[in-house]
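Nothing in this text is a laboratory measurement; each read-out follows from the coordinates by a stated rule. None of these values were measured; they are calculated from a predicted model. With ideal geometry, Cβ positions are generated from the backbone for all residues, glycine too; neighbour counts draw on all protein chains shown.
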Amino acid sequence: MTSASAALAQPGRTRAFLRLVMIEHSVFALPFAYIASLTAMYEWDENIHWGRLLLVTVCMVGLRTFAMAVNRIIDREIDARNPRTAHRELVTGAMSVRHAWTGALVALAVFLGAAALLNPLCLALAPVAVVPMVVYPYGKRFTNFPQAILGLAQAMGPVGGWLAISGEWSWTAVILGLAVGVWIGGFDLIYACQDVETDREIGVKSVPARFGIPAAIWGARACHTVTTALFVWYALATDAGAFFWLGLVIVAAAFVYEHRIVRPHDLTRLNRAFFSVNGFIGIALFVCALLDLLVRGLTV
């Protein structure tokens, strides 16, 4: 291939990699890292530190990109056997494994570099955040509860966002992290319901495959009830004001709506619940949390 041809091919590989890692789904985790970071800033000196917030963004996107790329690489043979995922880039050949690994390692380097720029504790704990990202795709091979591993991985975001600002461990951040982890684990229970028959056929483990779709839906409802309770606990722990509580009312209403449109014997609106409702939950709570902090004295 000539150098000119290589130059033309590069943008195509970049677009394929961004599709591979579904970069737009960062909306699920980023708002909660921002909530934790901004709350820590408010408690520290009531000022928004834009440079640190940018580094938090780089860390979150870098780590999530690494996790998604590794997930797709590890699961490529399973994806090829599932009609729903057979179009993914590593299955169709739109992206080679070598290029996927290159993108994953670049994203990991970006994450570690941003963590190093934040503070020593963030850098020291960065490998801890990486481990569940790698373990999760293997989880469906040895446990019926891979969503628990996913929840643990996602709980790292708010904790890391707080550590990025304070440089100190915070149990308040852990409450928010647990809320996010249980929330994401819960809606992944719903998402996994669409693959029950294929998972059973090829031996992929999951709650729906092992216990059935009704059990998974009820498990998701229990998770989201616990999530709401943890959000309330976080609000109390941070002395949140009216706007944050308004956000919790909106979140609770969104959960009710989500579980009204997804039922054990009707999964036709599953994608609306997964993508639209859950994306809305993160953004809505972030906006309300930001307004609350601004009203309480956080300075832009």
request  = Could you estimate the translational diffusion coefficient of region 183-300 from the Stokes-Einstein equation, with Rh from the Kirkwood formula over C-alpha pairs, at 10 °C and 1.306 mPa s, in whole µm²/s?
outcome  = 103 µm²/s
message = Can you compute 3J(HN,Hα) from phi for each residue in region 89-94, using the Karplus curve 6.51 cos²θ - 1.76 cosθ + 1.60 with θ = phi - 60°, rounded to whole Hz and x for Gly and Pro?
response = 4, 6, 7, 7, x, 5
remark   = Treating every alpha carbon of region 79-184 as one equal point scatterer without solvent, the Debye formula yields log10 I(q)/I(0) values at q = 0.13 Å⁻¹ of -0.62
ask   = Fewest to most neighbouring Cβ within 10 Å: what's the order for Ile184, Ile74?
value = Ile74, Ile184
message = With n ≥ 4 as the cut-off for DSSP H runs, can you work out [θ] at 222 nm for the chain, using -39500 (n - 2.57) per run divided by the number of residues, rounded to the nearest 500?
response = -25500 deg cm²/dmol
task = Once you've got the GNM for the chain with C-alpha springs shorter than 10 Å, pick whichever of Arg15, Arg52, Arg221 has the biggest mean-square fluctuation.
result = Arg15
inquiry  = Just want to confirm a number: the relative contact order over the chain, from Cα pairs under 8 angstrom separated by 6+ residues, in percent.
reply    = 21 percent
request  = Loop only per DSSP, at most 16 neighbouring Cβ atoms within 10 Å: give me the GluC sites (Glu not before Pro) in region 112-220, ordered by residue number.
outcome  = Glu168
key: Whole-Hz couplings from phi, Karplus 6.51/-1.76/1.60, listed for region 100-106; x for Gly and Pro   = 5, 5, 4, x, 4, 6, 5
query = If each residue's Cβ is checked for other Cβ atoms within 10 Å, how do Asp45, Asp199 rank with the fewest at the top?
reply = Asp45, Asp199
Residues Tyr42, Tyr257, sorted so that the one with the fewest Cβ neighbours within 10 Å comes first = Tyr257, Tyr42
